[in-house]
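Shown next, in structure tokens, is the structure this report addresses.
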Amino acid sequence: MREANMFKDMSLGLQHVLAMYAGAVVVPLIVGFSIGLTTAQLTYLISIDIMMCGVATILQVWKNKFMGIGLPVVLGCTFTAVGPIINIANTYSIGSVYGAILVAGLFVVLIAKYFSKLIKFFPPVVTGSVVTIIGVTLIPVALNNFAGGQGADDFASLENIGLGFLTLLIILLVLKFAKGFFASIAILIGIVVGTIIAAFFGLVDLSAVKEASWLHLPVVFYFGTPEFHLVPILTMILVAMVSLVESTGVYFALGDITNKDIREADLKRGYRAEGVAILFGGLFNSLPYTTFSQNVGLIQLSGVRRLRIIYIAGVMLILLGLMPKIGAATLAIPESVLGGAMIAMFGMVISYGIKMLSTVDFENQNNLMVVAISIAFGLGVTAVPDVFKSLPSSISVITESGIVMGSLTAIILNLVLNFNLEPNDDVKDQLFEVMPDEDTESLTEDYK
């Protein structure tokens, strides 16, 4: 019985790893190619990134007095940092990148206590909008993968489209007809079966597995001594702050899923864990981290909310980072297979955002405007990324991201239209009451 339960937990953990792996790998790939890293350096960057994703995830799930939000959250490299890191490395040096990351991580740790007090700016109309925006803006990523990967020679080929639809169909059939454990790993089954079918048509490339090494240990300051320059530091601090806004939406979504009220103390520990993760990234020459939304969709889809599963996923990521040959095996999964799974997962993020908005009073026209304009900006910037290209490049980290633009729009509009500068005592109590820490494990459910 114990062995059977362990197999189930391992399968559920692997499902989380596969859900986030492509997103975690593509960031160091883009950065590495753009700043001219050698093959050996790029291999190190990818391996250490995957390992540190596992470390960052465990730090966030492990709830203690200092840090850790204690929710089933998975962390990975933030896409927001890609442009700034490339610009800093090419303008200054790669040492300047990691000097800036170290300072940004320390900054997040220090301001976590104060940033968490902004919880009053995140009522359901804001958090629901942010979660919906996150899902909506990720759909183009899913569709690009669905078609074979942006820039692929066979992009949108019939083979890729067919494989993406087949993977999605398998997931839907499992959800429809399977029960219990098998229904909870529908995404994993879809990815595995889709990859096996793709292999029969010669669409699975195992060359990366053959070339990868068996063991790759982390090295402190692998890329050299960090350098500290004002502009790169300010840029990475802005990136970190933007990531905190995105993470806040994910925290509230997971809190809603696990029936846990997110308090100021929870946010403080969550932000601190994210700051410590960024610090580790600077020390071992990885990249900044943030919460991964696709895993939120997976938790909602599978119905399994146990922290043990996320711990297992974190350990798996650490092992994959230490053993590149095993990690490379996940790269053999065709992009279109991942795209089919991503459509389901990102779609669930949108659905959950809509569910969070269902508690909002839409008789109030101000709430309608907050949702309408924030989602419009989020989706608009994603569809037309050059719309703000005439603005100063120093704020491009904000204007080029649909998630950031939409989230900030929701926060600002709610502040302008709805925020009461002098809330009554009942509202103050609701906003700032510090409740005893709840045992998140007690809120979990058995396998459905």
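The values are calculated or read from the model by the stated rules, or taken from the named source; none is laboratory data. Because the structure is predicted, anything quoted here is derived from the model rather than measured. Glycine also receives a Cβ, built like all others from the backbone with ideal geometry; neighbour counts cover every protein chain displayed. With ligands, DNA and RNA removed, areas are computed over all heavy atoms of the protein, side chains included. Shrake-Rupley method; radii C 1.70, N 1.55, O 1.52, S 1.80 Å.
Things worth noting here:
- As a fraction of the 1.4 Å probe accessible area of the range 6-418, surface on carbon and sulfur atoms comes out at 69 percent.
- Spacing of the two label points (7 Å from each Cα toward its C-beta) at V231 and K325, in nm: 4.6
- Estimated D of the chain in µm² per second, where Rh is the Kirkwood radius over Cα pairs and Stokes-Einstein applies at 20 °C, 1.002 mPa s: 97
- Screening the chain for whole DSSP H helices with an alpha carbon extent of at least 20 angstrom along the helix axis and a mean Kyte-Doolittle hydropathy of at least 0.5 yields 2-34, 39-61, 94-115, 124-146, 158-177, 186-200, 230-257, 307-322, 335-357, 365-383, 402-417.
- Only lysines eight or more places from K179 in sequence, or on another chain, were considered; those with a Cα closer than 19 Å are K8, K448.
- Think of it as helices only: each DSSP H run of n ≥ 4 in the chain is worth -39500 (n - 2.57), and spread over all residues that comes to -23000 deg cm²/dmol at 222 nm.
- For the Cα trace of the range 46-130, dividing Rg by the Kirkwood Rh returns an Rg/Rh value of 1.02.
- Label-to-label distance, K355 versus L172, with points set 7 angstrom from Cα along the beta-carbon direction: 2.0 nm.
- A383-S34 pseudo-label distance in nm [points 7 Å out on the Cα-to-Cβ vector]: 2.5
- Cβ-Cβ FRET estimate between V193 and N259, R0 fixed at 41 Å, reported to 0.05: 0.80
- Debye intensity ratio in log₁₀ form over the Cα atoms of the range 282-392, taken at each q of 0.13, 0.14, 0.15, 0.19 Å⁻¹: -0.83, -0.93, -1.02, -1.24
- Per residue, the range 6-418 exposes 39 Å² of accessible surface when a 1.4 Å probe is rolled over the protein heavy atoms with every protein chain present.
- Taking one quarter of the surface of the convex hull spanned by the alpha-carbon atoms of the range 169-259 gives a direction-averaged projected area of 11.7 nm².
- Taking only the alpha carbons of the range 184-328, we obtain Rg and Dmax values of 18.9, 54 Å in that order.
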